[in-house]
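Student: Input: one structure, supplied below.
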Amino acid sequence: MSAGGDRVSGAGEPILRVAIDRKVYRAGASEPVEAVRGLAFTVERGEIVCLIGPSGAGKSTTLRILLGLDPDYEGRIEPDPRGAETSPGMVFQEPRLLPWRTVEQNVRLAMPRGRRGRDLDGLFDHLGLAPWRGRYPGALSLGMQRRVALARALADDPRLLVLDEPFVSLDDAAAASLRGLVVDTVDRLGMSVLMVTHNVAEAIAVADRLLLLSPRPASLVAEVRLDRPRSARDRAWADATRRDLAERHPGVIAD
Ligand code: ADP
Ligand code: MG
């Protein structure tokens, strides 16, 4: 894998195939909620794929299903997440750190028991967390806590990193720096990323492919491949791409 984000992605080698025919939440006496209908896509090796859709569309539901956290759906995920040897690394919307454990313990406790003793110096250095290893999450800013959540997701060398709106409620600078770290890490390690966002500019900056989703129940409205190398994506290109998307998919992308 070459450095700098100019690698060729895709090449027809899916590491994940998602086909959710239907997902319905049935809770007690209330009306059933159909969250996903006929949503199918793949993620290929080394690729960054962004899922974009309105709030409440069914994006987090889709991620939970493909991670094997919700078996109650009609469809098929390949490889079967419950039988897989290595599970994807996951960063949820909230960092979800254990407040009574140090940064380092939070990262190690999420790893399979047999690998918890491994050397994590490189990871902590790369994420700028080395000085914080012995601190408790409460002493960290939200941006730093998100880095810990990212370290935790990366610690066991996953082939796929799944991110659910990982940069929300960060200021622009913190979001940009964390985003840069994610892109740099996946380019360096050659992993794939599936990221949910409703920040279109963010998706245009990092994605190899955009999957535009309808309002609930989530289904695929369009798939857009962004062929320009990440390092060559300047402001003018991003603005033009965004305008073009908004014209073609006015319901999904606002101007
Ligand atoms: P998104 O992540 O796109 O904002 P979600 O996948 O979280 O949307 O939710 C999709 C829809 O399913 C929403 O209408 C939400 O209220 C509903 N929903 C999510 N989780 C549950 C649940 N556990 N029980 C019932 N309804 C749910
Ligand atoms: Mg969500």
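The values are calculated or read from the model by the stated rules, or taken from the named source; none is laboratory data. Predicted model, so just to flag it, every value in this text is computed and none were measured. FYI the Cβ positions are ideal-geometry reconstructions off the backbone, even for glycines, and counts take in every protein chain you see. What goes into the accessible areas is simple: the full protein's heavy atoms, side chains included, and nothing from ligands, DNA or RNA. Shrake-Rupley method; radii C 1.70, N 1.55, O 1.52, S 1.80 Å.
Student: Would you kindly state how much longer the chain becomes between Met111 and Val33 on full extension, computed as 0.36 nm times their sequence separation minus their alpha carbon distance, in nm to one decimal?
Tutor: This chain segment gains 24.6 nm when fully extended.
Student: So with the 1.4 Å probe, I'd like the accessible area per residue for the chain, rounded to whole Å².
Tutor: Value returned for the chain: 49 Å² of accessible area per residue.
Student: So what is the diffusion coefficient of the chain in µm² per second by Stokes-Einstein at 4 °C and 1.567 mPa s, using a Kirkwood Rh over Cα pairs?
Tutor: Here the translational diffusion coefficient equals 68 µm²/s.
Student: Full extension from Glu78 to Arg248: what is 0.36 nm times the residue separation minus their Cα-Cα distance, to one decimal in nm?
Tutor: Extending this stretch completely gives an extra 58.1 nm.
Student: Here's something else I'd like to know. I'd like the distance between the alpha-carbon centres of segment 11-38 and segment 84-159, rounded to an integer number of Å.
Tutor: Distance between centres, Cα-based: 29 Å.
Student: Test of the criteria: in segment 96-189, which chymotrypsin sites (Phe, Trp or Tyr not before Pro) are in a DSSP loop and have at most 10 other Cβ atoms within 10 angstrom of their Cβ?
Tutor: Trp100
Student: Given Ala110, Val33, Val221, which one lies farthest toward the positive end of the charge dipole of the chain, if we put +1 on the Cβ of every Lys and Arg and -1 on the Cβ of every Asp and Glu?
Tutor: Ala110
Student: With r as the distance between the Cβ atoms of Arg228 and Ser87 and R0 = 25 Å, compute the FRET efficiency 1/(1 + (r/R0)^6) and round to 0.05.
Tutor: Here the calculated transfer efficiency is 0.20.
Student: Contour minus end-to-end for Asp156 and Arg22, with contour as 0.36 nm per residue of separation and end-to-end as the Cα-Cα distance?
Tutor: Fully extending the segment from Asp156 to Arg22 adds 45.1 nm.
Student: Additional query: For segment 1-150, what is one quarter of the convex hull surface built on the Cα atoms, given in nm²?
Tutor: If I average the Cα hull's projected area over directions, I get 12.1 nm².
Student: Still on this model: Only helices at least 24 Å long along their own axis, judged from Cα atoms, and with Kyte-Doolittle mean hydropathy of 0.0 or greater: name those in the chain from DSSP H.
Tutor: 172-189
Student: Principal axis lengths of segment 195-255 from Cα atoms, whole Å, largest first?
Tutor: Its Cα atoms span 35, 22, 16 Å along the three principal axes.
Student: Roughly how big is segment 1-160's charge dipole about its Cα centre, with Cβ charges of +1 (Lys, Arg) and -1 (Asp, Glu), in debye to the nearest 20?
Tutor: 520
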